Amino acid sequence: SPWSSLTANYDLDSLRKSALLWSERQNANSIFLLNQVSNIVHVGGGFEVYERSLVEILDQKGVDEWKETNIKYHGNYEKVKIQKAAVVKPNGQSLSADTQGTKIVFKNLEPGDIIEIKWRRRHFYPGKLAKNFDSKFYLAKSIPVLRYHFETIYPLGTDFKVKQHLNKVKPVQFTHQGREFQVWTLDTVKAYKPENRSVTQDVAWPWIQ
């Protein structure tokens, strides 16, 4: 899709180097180098979401946790297409993973590797909801995150409200190619361990919506 060219494009090697001196990696089995969600709102309604995850595997437990994964989505009103799923070796070699539907299997995964997943979600809300846009981004993972990136790209003059919970991250706003951008980023976030596990994610975890 030509829309994906509007989204932020991070360099894997730069992120890998930035993470080398991060103390959080010492006690982790794996870390997110990047957790990116890019929302593109279309004129007249409807939207699509491009997501990219880069995860560095640090030990065998990390291998066991990530050798198989599945993209979660709402089957009633979303369609998902995996655009890339690969293991990136320390020498830069990229090996494609096996995919079936939204299930991904990373073969030959070893400590020191990075897994890269890129996928697109298209939303098809029914009836009056067709023009609605709603996306929630959690600033919390069970493993450390080097960079969170959440952006919304929308037609000029679009009116929508932003809610934030348990965080004060300020967006960068600008106009580019006839569209407005709002971009939130947050760096070097520790693994999130909620104090009260009896409450829901929406209450215990920080998010932007």
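Values as computed for the structure displayed
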quantity: Pairs where the first residue, in segment 183-205, is small (G, A, S) and the second is outside any strand (DSSP E or B) and open to solvent by 90 Å² or more (accessible area, probe 1.4 Å), C-beta under 7 Å, 6+ apart; calculated: A191/S142
quantity: Boolean, K79 is open to solvent by 80 Å² or more (accessible area, probe 1.4 Å), without any contact (Cβ under 8 Å) to a residue 60 or more places away in the chain and assigned to a strand (DSSP E or B); calculated: yes
quantity: Those residues of segment 187-202 which are touching a Pro at 6+ places or on another chain (Cβ under 9 Å) and open to solvent by less than 90 Å² (accessible area, probe 1.4 Å), in sequence order; calculated: T188, V189, A191, Y192, Q201
quantity: Residues that are open to solvent by 10 Å² or more (accessible area, probe 1.4 Å), of a type outside the set (S, T, N, Q) and either part of a strand (DSSP E or B) or free of Cβ contacts under 8 Å to residues at least 60 places away in the same chain (or both), drawn from segment 20-36; calculated: L20, L21, F32
quantity: Members of segment 58-76 found to be open to solvent by less than 40 Å² (accessible area, probe 1.4 Å) and closer than 14 Å to E110 by Cβ, listed by number; calculated: G62, V63
quantity: Test for N196: is it at pLDDT 90 or above, polar (S, T, N, Q) and in a loop (DSSP other than H, G, I, E, B); calculated: no
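Table: residues versus (1) polar (S, T, N, Q); (2) over 13 Å from the mean Cα position of the chain (by Cα); (3) more than 20 Å from S4 (Cβ to Cβ).
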{"site": "V37", "(1), (2), (3)": "no, no, no"}
{"site": "F47", "(1), (2), (3)": "no, yes, no"}
{"site": "E68", "(1), (2), (3)": "no, yes, yes"}
{"site": "Y77", "(1), (2), (3)": "no, yes, yes"}
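The values are calculated or read from the model by the stated rules, or taken from the named source; none is laboratory data. Note that the structure is a prediction, hence the values are computed from the model and not measured. We place every Cβ from the backbone using ideal geometry, glycine too, and count neighbours over all the protein chains shown. Accessible surface is based on the protein model in full, side chains and every heavy atom, while ligands, DNA and RNA are left aside. Shrake-Rupley method; radii C 1.70, N 1.55, O 1.52, S 1.80 Å.
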